[in-house]
1. Can you say whether Val293 is over 25 Å from Asp234 (Cα atoms), open to solvent by less than 60 Å² (accessible area, probe 1.4 Å), β-branched (Val, Ile, Thr) and touching a residue at least 60 places away in the same chain (Cβ under 8 Å), as far as the supplied structure shows?
2. Is there a residue in segment 147-159 that is in contact with a helix residue (DSSP H, G or I) (Cβ under 7 Å, 6 or more places away or on another chain), away from the ligand (no atom under 16 Å from the Cβ) and either open to solvent by 40 Å² or more (accessible area, probe 1.4 Å) or at pLDDT 95 or above (or both)?
3. For Ala42, are the conditions met, namely being without any contact (Cβ under 8 Å) to a residue 60 or more places away in the chain and surrounded by fewer than 19 Cβ atoms within 10 Å (Cβ to Cβ)?
4. Tell me which of these Gly196 doesn't satisfy, since it passes every other one: (1) open to solvent by less than 50 Å² (accessible area, probe 1.4 Å); (2) within 14 Å of the ligand (Cβ to nearest atom); (3) assigned to a loop (DSSP other than H, G, I, E, B).
5. Tell me whether segment 133-142 contains one or more residues that are in a loop (DSSP other than H, G, I, E, B), open to solvent by 30 Å² or more (accessible area, probe 1.4 Å), within 16 Å of the ligand (Cβ to nearest atom) and out of contact with any Phe, Trp or Tyr (no Cβ under 7 Å at 6 or more places or on another chain).
6. Would you pick out the residues in segment 4-33 that are within 9 Å of the ligand (Cβ to nearest atom) and either of a type in the set (Lys, Arg) or free of Cβ contacts under 8 Å to residues at least 24 places away in the same chain (or both)?
7. Where residues in segment 82-92 are more than 9 Å from the ligand (Cβ to nearest atom) and open to solvent by less than 50 Å² (accessible area, probe 1.4 Å), which of them is nearest to Ile11 (Cα to Cα)?
8. Go through (1) within 13 Å of the ligand (Cβ to nearest atom); (2) assigned to a helix (DSSP H, G or I); (3) open to solvent by 20 Å² or more (accessible area, probe 1.4 Å); (4) among the charged types (D, E, K, R) one by one and return the number of the condition Arg120 breaks.
Amino acid sequence: MRIGLIGTGRIGTLHARTLTALPDVSRLVVTDADTTRAADVAATLGVDHVPSPDELFGLGLDAVVVTSATASHAELVRTAAALGLPVFCEKPVATDLPGTAEALRAVEAAGTLLQVGFMRRFDAGYAAAREAVRSGRLGRLHTVRACTSDPAPPPAGYLPHSGGLYRDCLVHDFDVLRWVTGGEVVSVYAAGSDAGPAMFREAGDVGTAAALLTLDDGTLATATATRLNGAGYDVRMELAGERDQVAVGLGPRTPLTSVEPAATGAPKDPWPGFVDRFLPAYEAELGAFLRAVRGEIPNPCDGREALTAFRIAEACALSRRGGRPVALGEVPAR
Ligand SMILES: NC(=O)c1ccc[n+]([C@@H]2O[C@H](COP(=O)([O-])OP(=O)(O)OC[C@H]3O[C@@H](n4cnc5c(N)ncnc54)[C@H](O)[C@@H]3O)[C@@H](O)[C@H]2O)c1
């Protein structure tokens, strides 16, 4: 299969490396607005590069992987759809709801495939939690606690184009909350803090956020995120039911120190970032994309799933701005 990849930054370089290792990929062509960066990545991986997305789309490839900055996703997804090309797009599909809905309409009108990069669906821990909930082992679920804590902020230039902490970061927790529990979020109440480095205030973003989410079966969930977790990269989910409770992401590398007398001290090798923590999941999601393109499996995370997660993020942004609970029904579905 001949694949084009647009955007050779942090995640694009990782996905390009993964693609070169997949036996199904016969050719990989990369491009980036920063042509030097694309050329460097191409040289390192021994793949081809072209100067622009337009040239890449003109090559008659079999599928496209979009890993450029969020603000460019929607247009690239629409272009791929117009050409009849299956596309894997990193989350989120756009920085706003109209952009997301328009991209989805283009994909649906063209009848093409769009898989969105919610890689936690491919993580062994989240999959085990899903099984624990859905098998009934936990009993009736009543509480979920999710967290995503980045050890350090991205470059300041990333923030204004990211969509903000709810849409850029917590959107992962919102997607996987639905995927693990099978429940739908009906309302949210969110707060955020821009205390800390000035870059967050300057970008109109927050560096730390919390949301309380109510699911349609009455389960209560909290989701917190921060860009300022000095202890390391901490992504966890705790799910508590009437019979048992389980935790995703709790292990020897969790960057969390128990201060109990019997505890063994700080973790020796805490997760430094998303690449180490989720590498197998990133590899599995791209393998799944190729299988979905070949029609061997259903799309594991289509645009409608991504839209729902994005609407939850949008509701949180609305809630924070207004200082009030927001029903998901207040956020347009199309
Ligand atoms: N799923 C995940 O865990 C995960 C992790 C990191 C990033 N992401 C997502 O991946 C995307 C990229 O994030 P990143 O951290 O790699 O950012 P980055 O800033 O490191 O890289 C983005 C690259 O896109 C290029 N670019 C921007 N606009 C372009 C355009 N129109 N055409 C071609 N190239 C263009 C930039 O030059 C840059 O090299 C974001 O949407 C982000 O939300 C997802």
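The values are calculated or read from the model by the stated rules, or taken from the named source; none is laboratory data. Given the structure is predicted, the values throughout are model-derived calculations rather than measurements. Note that we place each Cβ from the backbone using ideal geometry, even for glycine, and neighbour counts take in every protein chain shown. The accessibility values were calculated without ligands, DNA or RNA, using every heavy atom of the protein model including side chains. Shrake-Rupley method; radii C 1.70, N 1.55, O 1.52, S 1.80 Å.
1. yes
2. no
3. no
4. In the conditions (1) open to solvent by less than 50 Å² (accessible area, probe 1.4 Å); (2) within 14 Å of the ligand (Cβ to nearest atom); (3) assigned to a loop (DSSP other than H, G, I, E, B), Gly196 misses (2) alone.
5. So far as segment 133-142 goes, no, none of its residues is in a loop (DSSP other than H, G, I, E, B), open to solvent by 30 Å² or more (accessible area, probe 1.4 Å), within 16 Å of the ligand (Cβ to nearest atom) and out of contact with any Phe, Trp or Tyr (no Cβ under 7 Å at 6 or more places or on another chain).
6. Arg10
7. Phe88
8. That leaves (3) as the condition not met.
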